[in-house]
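Visitor: Just dropping this structure here.
Bear in mind that the values in this text are calculations on the coordinates, not laboratory data. Because the structure is a prediction, the values reported are computed rather than measured. A quick note on method: Cβ atoms are made from the backbone with ideal geometry, for glycine too, and the neighbour counts reach across all protein chains shown.
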Amino acid sequence: MRVISLLCYALAGLLGAAAIAFNLYAQSLACAFGNAGGRCRLRWPWQMAAEDVQIFVLIPLIGVGVLVLLGWLAGRAGRRQG
């Protein structure tokens, strides 16, 4: 169970890092193909539209939360067994 716990934690970290990288990539594409004359800045989650927050923040956070919870539960089950 300890291996499953560590695997879940590792996957949660990878998912979080991938979500941040995808968010930065998508925002840089929006800047590249958006308004050419204006200044383009990366937006924080509270500055995004509702759809963007759902796609770039909430769904990855739910995935990370589920993986962390599964890792914690697997760790507890491993401690009970031995």
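Visitor: Report the full-extension gain for the segment Gln54 to Phe22: residue separation times 0.36 nm, less the Cα-Cα distance, to one decimal in nm. Let's see the in-between values first.
Guide: Values: separation 32, 0.36 × 32 = 11.52 nm, distance 1.37 nm.
Between Gln54 and Phe22, full extension yields an extra 10.2 nm.
Visitor: Pairing the Cα long axis of helix 59-81 with the longest principal axis of the chain, what angle in degrees results, from 0 to 90 and rounded to the nearest 10?
Guide: Here the helix axis deviates by roughly 10 degrees.
Visitor: Between 0 and 90 degrees, rounded to the nearest ten: what's the tilt of helix 2-33 against the longest Cα principal axis of the chain?
Guide: With rounding to tens, the tilt is 0 degrees.
Visitor: Set Lys and Arg Cβ to +1 and Asp and Glu Cβ to -1, take the dipole of the chain about its Cα centre, and tell me which of Gln81, Ala50, Cys31 lies farthest positive.
Guide: Gln81
Visitor: Take every Cα-Cα distance within region 21-70, group them into 5 Å bins from 0 onward, and report for each bin the whole-number percent of pairs it holds.
Guide: Once binned at 5 Å, the Cα pair distances of region 21-70 give 4, 18, 23, 23, 14, 8, 5, 3, 1, 0.
Visitor: Under a plain spin-label model, where a point goes 7 Å from the Cα along Cα-to-Cβ, how far apart in nm are Cys31 and Gln81?
Guide: Distance between the two pseudo-spin positions: 4.8 nm.
Visitor: Could you sort 45-55, 6-16, 22-32 so that the peptide with the highest average Cβ count within 10 Å comes first and the rest follow in order?
Guide: Values: 45-55: 11.6, 6-16: 15.4, 22-32: 13.2.
In decreasing order of mean packing, 45-55, 6-16, 22-32 become 6-16, 22-32, 45-55.
Visitor: Net charge near Asn35, counting Lys/Arg +1 and Asp/Glu -1 over other residues with Cβ under 15 Å of its Cβ?
Guide: Values: positive: Arg39, Arg41, Arg43; negative: none.
Neighbourhood net charge equals +3.
Visitor: Here is a follow-up. Report the FRET efficiency, 1/(1 + (r/R0)^6), for Ala10 and Leu61, where r is their Cβ-Cβ distance and R0 is 22 Å, rounded to 0.05. Please list the in-between numbers first.
Guide: Working: r = 17 Å, r/R0 = 0.79.
That gives a FRET efficiency of 0.80.
Visitor: How much net charge surrounds Cys8 when only the other residues with a Cβ under 14 Å from the Cβ of Cys8 are counted, with Lys and Arg +1 and Asp and Glu -1?
Guide: Details: positive: Arg2, Arg76; negative: none.
Here the charged neighbours net out to +2.
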